[in-house]
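For reference, the structure discussed in these notes is given below.
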Amino acid sequence: VQLQASGGGLVQAGGSLRLSCAASGSIFSMNAMGWYRQTPGKQRELVATTTSGGVTNYADSVKGRFTISRDNAKNTVHLQMNSLKPEDTNVYYCNIKYYSGGYPISDWGKGTQVTVSS
């Protein structure tokens, strides 16, 4: 599965950005899509995920500020980020998890930079 992310950029603290990620290829109906972020030298951390059944999961640090949504017909996931803080500055990566032939697969898109100025 190929993932194409868009929507990163520079915003002032308190502002909003919307990330989008479109999946293409052999996409199985049951999957989980989401966003992770990674600071150089640190582990990649979960930001938010959503399953094809609509179950969502958020990092505590973004609850109440970020909203993840998906369009199953278009194989697209969005991350609406409001009330952004400088500590949200990071490279954000789109991810899809699914099973193929009984094996778990995790595919990543190229990162998109989000910079929040104070």
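Which residues among the stretch 73-94 fall inside the zone where the amide N is under 11 Å from a point 7 Å beyond the Cα of residue 44, along Cα→Cβ? Hits in the stretch 73-94 for residue 44 at 11 Å: 92-94.
Taking all protein chains as present, what is the carbon and sulfur share of the accessible area of the chain, in % to the nearest whole number, probe 1.4 Å?
On the way: 3240 of 6420 Å².
For the chain, the apolar C and S fraction of the accessible surface comes to 51 percent.
If we count every other residue with Cβ under 12 angstrom of residue 78's Cβ, Lys/Arg +1 and Asp/Glu -1, where does the sum land? Walk me through the numbers before you get to the answer.
Working: positive: 18, 70, 74; negative: 71.
Residues near residue 78 contribute +2 overall.
Put a plus charge on the Cβ of each Lys and Arg, a minus charge on the Cβ of each Asp and Glu, and nothing anywhere else: the dipole of the chain about its Cα centre is then about 40 debye.
Across every direction, the projection of the convex hull enclosing the Cα atoms of the stretch 51-118 has a mean area of 5.7 nm².
Using a probe of 1.4 angstrom and keeping all protein chains present, the accessible surface of the chain works out to 54 square angstrom per residue. For the stretch 73-82, 3J(HN,Hα) computed residue by residue from phi via the Karplus equation (6.51, -1.76, 1.60; θ = phi - 60°) reads 5, 9, 6, 10, 10, 10, 10, 8, 10, 10 Hz, glycine and proline entered as x. The number of Lys pairs in the stretch 24-118 with C-alpha atoms less than 18 Å apart, excluding pairs fewer than 8 positions apart on the same chain, is 4. In the chain, the C-alpha radius of gyration followed by the widest Cα-Cα span (Dmax) gives 13.8, 47 angstrom.
If R₀ is 30 angstrom, what is the calculated FRET efficiency for the pair residue 13 and residue 105, using the beta carbon separation as r and rounding to 0.05? Present the calculation step by step, with values, prior to reporting the outcome.
Numbers: r = 37 Å, r/R0 = 1.24.
Efficiency, rounded to the nearest 0.05: 0.20.
The values are calculated or read from the model by the stated rules, or taken from the named source; none is laboratory data. Computed from a predicted structure; not experimentally measured. For neighbour counting, all protein chains shown are included, and Cβ atoms are generated from backbone atoms with ideal geometry for every residue, glycine included. What goes into the accessible areas is simple: the full protein's heavy atoms, side chains included, and nothing from ligands, DNA or RNA. Shrake-Rupley method; radii C 1.70, N 1.55, O 1.52, S 1.80 Å.
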